[in-house]
Structures are given as C-alpha cells and as structure tokens.
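The values are calculated or read from the model by the stated rules, or taken from the named source; none is laboratory data. None of these values were measured; they are calculated from a predicted model. Here the Cβ positions follow ideal geometry from the backbone for every residue, glycine too, while neighbour counts run over all protein chains shown.
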Amino acid sequence: MEVHRPLNIVGEKVALGPLHRDLLPLDWRWTSDLATLRMQGMIPAPVTAEWITARYESGTADDSRILFAIYERATMRPIGVTNFQHVDDRHRTAEFVIFIGEQAARGKGYGTETARLMLDYAFTALGLQNVMLAVYAYNVAGIHAYGKAGFREFARRRESVWMGGRLWDTILMECLATGFTSPALARVLTPDQAS
C-alpha cells in the first residue's frame with residue numbers, strides 16, 4: 001500500500017511536509033553516519049534510538065521550532081529534515097537548519113531549493129523579516145548552496161569548531177525579506193479578490 005504523505009510546500013525538486021514519528025528510524029540512520037555529522041558540527045559519537053526520539057519530542061513540543069521532512073519530489077522518498085528554531089514573532093526572526101541525510105541526494109540542488117522554500121515560508125507565510133544560519137567554513141558546498149538561495153555572510157566566529165585536526169571558522173549568514181521573491185507560496189497564500 002502506497003503511503004500518501006501530506007505536503008505543505010512543493011518545489012520543482014523537493015517537497016516539504018510535516019516531520020512524522022515514522023521517519024525517526026531514517027533520522028537515526030542519518031544521524032549515525034559520521035560523514036553526515038561532520039557538516040552539523042555534532043560530536044562524532046554513536047546515538048541511540050531513544051536520543052533520536054527525545055530530540056523529536058522536544059522539537060515538536062517547542063513552539064519556537066517548526067519542523068519539516070524533506071522529500072525528493074520525483075520519488076517522494078524522504079531525504080532529510082529542515083527546521084526553523086528560535087522563531088521570534090515579535091522581532092520577526094528565526095534560525096534556519098537543514099540536514100540532507102541521504103548521501104545520494106547531495107549535490108543535486110535539493111539543499112538550495114529547500115533553503116529557498118524555507119525562506120519563502122518564513123517571509124510569505126510567517127511574515128518574518130530576517131532568517132539566519134550558521135555554517136562551518138569547511139562546508140564549501142553548503143556555503144555555495146546558501147548563497148544561491150539568497151543568504152549572505154554577515155559575521156564569523158573565528159576558529160570555533162574542531163574538524164579534521166584543525167580549527168575552522170563558523171560563518172553566520174542571513175537573508176532578509178526585503179528583495180526576496182517567493183518561488184512558490186505567493187501563488188498559494190494570496191487573498192481572494194473582492195467583488
């Protein structure tokens with residue numbers, strides 16, 4: 001029986017939908033891959049299914065976080081997760097996080113499109129003004145993808161993350177609603193025309 005997953009935002013290459021508990025075994029596999037963890041700055045150590053479940057439960061219970069699963073649109077297979085954390089309605093800010101867990105899904109533009117769709121959600125649906133992210137200087141592909149999506153570097157925390165036998169900078173990037181063009185949601189979230 002084919003599972004029809006709800007989708008919230010649909011792009012050309014990826015679609016975003018609610019992160020469901022049934023995806024936790026995939027998240028556990030992705031989070032157990034040390035090559036994947038290096039991009040997240042996580043300590044390269046084994047994680048338990050209980051830790052994954054606790055992280056999921058705390059994330060879904062936190063009103064300042066919005067979680068999505070990332071699906072490859074052509075196959076509808078889950079390829080990663082993305083979220084906003086520290087969503088601040090008063091100041092209209094949030095922090096963006098993305099995790100492409102499937103190694104075969106990297107380098108295909110999925111991360112760039114996911115970032116653009118998430119920015120669209122932030123600016124068009126939530127009315128935010130500023131979205132930021134942190135990326136490590138050794139993550140060259142990520143920096144490139146974020147730049148293509150509309151993020152710009154605004155600061156660095158120098159020599160702040162240990163990887164591959166040396167210290168690297170943490171790069172802080174941001175995107176503003178000003179000048180951002182909606183790739184998807186402007187067509188969906190529009191008022192009805194008055195008669």
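Is it fair to say Thr82 is within 24 Å of Pro25 (Cβ to Cβ), without any contact (Cβ under 8 Å) to a residue 12 or more places away in the chain and among the polar types (S, T, N, Q)?
No; evaluated as a whole, the condition is false for this residue.
Tell me which of these Glu50 doesn't satisfy, since it passes every other one: (1) farther than 21 Å from Arg152 by Cα; (2) in contact with a helix residue (DSSP H, G or I) (Cβ under 9 Å, 6 or more places away or on another chain); (3) not in a loop (DSSP other than H, G, I, E, B).
The single condition Glu50 does not satisfy is (2).
Would you point out which residue out of Val47, Val3 is within 29 Å of Leu185 (Cβ to Cβ), out of contact with any strand residue (DSSP E or B) (no Cβ under 8 Å at 6 or more places or on another chain), modelled with pLDDT under 90 and not basic (Lys, Arg)?
Step by step, each of Val47, Val3 is checked, and only Val3 is within 29 Å of Leu185 (Cβ to Cβ), out of contact with any strand residue (DSSP E or B) (no Cβ under 8 Å at 6 or more places or on another chain), modelled with pLDDT under 90 and not basic (Lys, Arg).
Report the residue count in the range 150-180 for those that are exposed (fewer than 10 other Cβ atoms within 10 Å of the Cβ) and part of a loop (DSSP other than H, G, I, E, B).
Within the range 150-180, residues that are exposed (fewer than 10 other Cβ atoms within 10 Å of the Cβ) and part of a loop (DSSP other than H, G, I, E, B) number 4.
Return yes when Thr48 is β-branched (Val, Ile, Thr), over 22 Å from Ala149 (Cα atoms) and surrounded by fewer than 15 Cβ atoms within 10 Å (Cβ to Cβ) and no when it is not.
yes
Just one of the numbered conditions (1) part of a strand (DSSP E or B); (2) surrounded by fewer than 20 Cβ atoms within 10 Å (Cβ to Cβ); (3) touching a residue at least 24 places away in the same chain (Cβ under 8 Å); (4) not aliphatic (A, V, I, L, M) is not true of Ser64; which one?
(1)
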